[in-house]
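The values are calculated or read from the model by the stated rules, or taken from the named source; none is laboratory data. This structure is a prediction, so every number in the text was calculated from the model and none was measured. Cβ coordinates were reconstructed from backbone atoms using ideal geometry, including for glycine residues, and neighbour counts include every protein chain displayed. With ligands, DNA and RNA removed, areas are computed over all heavy atoms of the protein, side chains included. Shrake-Rupley method; radii C 1.70, N 1.55, O 1.52, S 1.80 Å.
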Amino acid sequence: MTTLRQPYYELSPEVYAAFVQASKALERSELDLSLIELVYLRVSQINGCAFCLEMHSKALRKQGVEQVKLDALAGWRVSQHFSDRERAALAWAEDVTDIARTRAEDAVYEPLLAYFSAKEISELTFAISLMNAFNRLAVSMRM
């Protein structure tokens, strides 16, 4: 068990509140909430955020996503449990999460165009970016 390094949500309440507001705005977006949560869960897997893994797994189960799909998430590329739309979103989530290495190349971006509107791509990218920010806070501060 680790100890919280700094209670960042108390020390910077206005900034934290803005993050929460962004999250709530994404919940009202055109994207399906289960897709957003699935992306949040995959990003959190990559970043190793145990707190977020538990939270988003629980949210997905509450939405009716089967445990077998959650179990297969890390292997989504070879699993039959994911739609082409979900695959495009997950590929983009992985690429944006590791942007220093991947550079978010066209080969990963272009498949999004077949499944998402421009606004949905924007919202998806915001969701990925927001979850990366939340993960970095939680992991670095040992939440």
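Here are the numbers for the structure shown:
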{"read-out": "Among the residues listed as A59, A127, A133, A91, the single one being over 15 Å from L26 (Cβ atoms) and among the small types (G, A, S)", "value": "A91"}
{"read-out": "Some residue of region 87-96 being in contact with a Lys or Arg (Cβ under 8 Å, 6 or more places away or on another chain) and either open to solvent by 50 Å² or more (accessible area, probe 1.4 Å) or over 15 Å from L35 (Cα atoms) (or both)", "value": "yes"}
{"read-out": "Counted residues, region 58-86 - those being of a type in the set (G, A, S), in contact (Cβ under 8 Å) with a residue 24 or more places away in the chain and surrounded by 14 or more Cβ atoms within 10 Å (Cβ to Cβ)", "value": "0"}
{"read-out": "Count - residues of region 73-113 that are aliphatic (A, V, I, L, M), in a helix (DSSP H, G or I) and closer than 20 Å to F134 by Cβ", "value": "8"}
{"read-out": "Test: residue in region 5-21 that is surrounded by fewer than 18 Cβ atoms within 10 Å (Cβ to Cβ), of a type in the set (A, V, I, L, M, F, W, C) and under 26 Å from R101 (Cα atoms)", "value": "yes"}
{"read-out": "Residue ID - least open to solvent (accessible area, probe 1.4 Å), chosen from residues in region 101-121 that are within 21 Å of L41 (Cβ to Cβ) and of a type in the set (S, T, Y)", "value": "T102"}
{"read-out": "Hey, V43 over 23 Å from R85 (Cα atoms), of a type in the set (A, V, I, L, M) and part of a helix (DSSP H, G or I) or not", "value": "no"}
{"read-out": "Selection count where residues are more than 11 Å from A127 (Cα to Cα) and either free of Cβ contacts under 8 Å to residues at least 60 places away in the same chain or assigned to a helix (DSSP H, G or I) (or both), scope region 20-32", "value": "4"}
{"read-out": "Region 36-57, subset open to solvent by 30 Å² or more (accessible area, probe 1.4 Å) and touching a residue at least 40 places away in the same chain (Cβ under 8 Å), residue nearest to G75 (Cα to Cα)", "value": "R42"}
